[in-house]
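Inspection log for the structure reproduced underneath, given as structure tokens.
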Amino acid sequence: MRKVEVKVEVKVEVKVEDRGTTTKQSRFDKAVLEKAREVEEGEVASYGSIARAMGCPNYSRHVGFALSKVKKGDDVAWWRIMNSQGKISYRAKDRIGKGTKKSPFTSLQRKLLEKEGHAFSDSGALVGFHQKLHTFRDSSP
């Protein structure tokens, strides 16, 4: 038996469309922010309503993740987006207060909504939540 050495050179050319550094996730996040910008003062929206308006009805949790990344310069009223019960989904970084009887915890989101004239029930739900829900425009062609 003899050994035969074979060298093969393969040249593969791949055409890649330049899309910059945008990833699928960052495109989703930008779309969430665009929808959130539609919610005007005096209105609110739920994570699920934004997800449905984007055509992703099962992605309400992802909408929440995208909104948690909002920075001050993004010009997005993130505090107008709530859960489907009209309650605030509390995040530790937004806590205000000491958690004592004299100074109980509240949230920045609640303070900003109250500043816009919204009120909350004893259970923590926004009063008139369903009447204040923003109706998203149909974005289909």
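Can you tell me the FRET efficiency between Tyr90 and Arg137 if r is taken as the Cβ-Cβ distance and R0 is 22 Å, rounded to the nearest 0.05? Intermediate results must be reported in sequence, preceding the final value.
Details: r = 30 Å, r/R0 = 1.37.
After rounding, the FRET efficiency stands at 0.15.
Taking amide H as placed 1.01 Å from N in the peptide plane, the amide H of Leu133 sits under 5 Å from that of Val44, each at least 5 places away or on another chain. Annotation: amide H-H contacts under 5 Å for Phe120 (H modelled 1.01 Å from N, sequence separation of 5 or more, or interchain): Val127.
Working note: Karplus 6.51/-1.76/1.60 with θ = phi - 60° gives the stretch 118-128 the couplings 7, 10, 10, 7, 4, 7, x, 8, 5, 5, x Hz, where Gly and Pro are set to x. Inter-label distance, Arg61 to Glu116: 2.6 nm, where each label sits 7 Å from its Cα along the C-beta direction.
Distance cut-off 21 Å, Cα to Cα: go down the list Lys69/Lys111; Lys35/Lys132; Lys30/Lys69; Lys69/Lys98; Lys35/Lys71; Lys87/Lys111 and report the pairs above it. Intermediate results must be reported in sequence, preceding the final value.
Numbers: Lys69/Lys111 19 Å; Lys35/Lys132 16 Å; Lys30/Lys69 11 Å; Lys69/Lys98 25 Å; Lys35/Lys71 16 Å; Lys87/Lys111 13 Å.
Those over the limit are Lys69/Lys98.
Distant-in-sequence amide contacts of Ser107, defined by a placed amide H-H separation under 5 Å and a gap of 5 or more residues or a different chain, comprise Ile96. Extension gain, Leu108 to His130, is 5.7 nm, computed as 0.36 nm per intervening residue step minus the present C-alpha separation.
Available extension along the chain between Ser26 and Lys3 is 2.9 nm, counting 0.36 nm per residue and deducting the alpha carbon span.
Read-outs throughout are calculated quantities, based only on the coordinates presented, and are distinct from any laboratory measurement. Bear in mind that the values here come from a model prediction, so they are computed numbers and not experimental data. Using ideal geometry, Cβ is built from the backbone for each residue, glycine included, and neighbour counts are taken over all protein chains shown.
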